[in-house]
Amino acid sequence: MEYVNLPLVFLVGCALIALLAKKNGYSWYLFFFAIAVPPPLLLLALPHAVGAEAATLTSVRLGTALLFPVAGLLLALRRKR
């Protein structure tokens, strides 16, 4: 898979999590923006927060990029009361 497709895969994954949240009674568009917008901003701020050398590690970048979608998935799996 080329690097150009990775943002598209990320957005499709966020959309699927948002649809799951809608099925469980949450607002899908708020869910989508809450899990899709912060990761790119965190990736831009990452070199300033941990240093340029640590920010280039794949595990650090992947963990940062997937933090909000994984938290959103866990929240989307819960039913709204």
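Bear in mind that the values in this text are calculations on the coordinates, not laboratory data. Small disclaimer: the values here were computed from a predicted structure and weren't measured. Here the Cβ is made from the backbone with ideal geometry for all residues, glycine too, and neighbour counts use every protein chain on show.
Size of the dipole of the chain about the Cα centre, Lys and Arg at +1 and Asp and Glu at -1 on the beta carbon, nothing else charged, in debye to 20?
Dipole about the Cα centre, nearest 20: 660 debye.
Output the relative contact order of the chain, whole-number percent, from Cα pairs under 8 angstrom with separation of 6+ residues.
Values: 61 pairs, mean separation 31.0, N = 81.
Computed value for the chain: 38 percent relative contact order.
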> What's the FRET efficiency of Leu62 with Phe33 using the Cβ-Cβ distance as r and R₀ = 22 Å, to the nearest 0.05?
Replying inline: 0.55
> If you line up the long axis of helix 58-76 against the longest principal axis of the chain, both from Cα atoms, how many degrees apart are they, to the nearest 10?
Replying inline: 10 degrees
>> Through the Karplus equation 6.51 cos²θ - 1.76 cosθ + 1.60, θ set to phi - 60°, convert the phi angles of the stretch 48-57 into ³J(HN,Hα) values in whole Hz; use x for Gly and Pro.
In response: 6, 7, 10, x, 5, 5, 6, 6, 8, 5
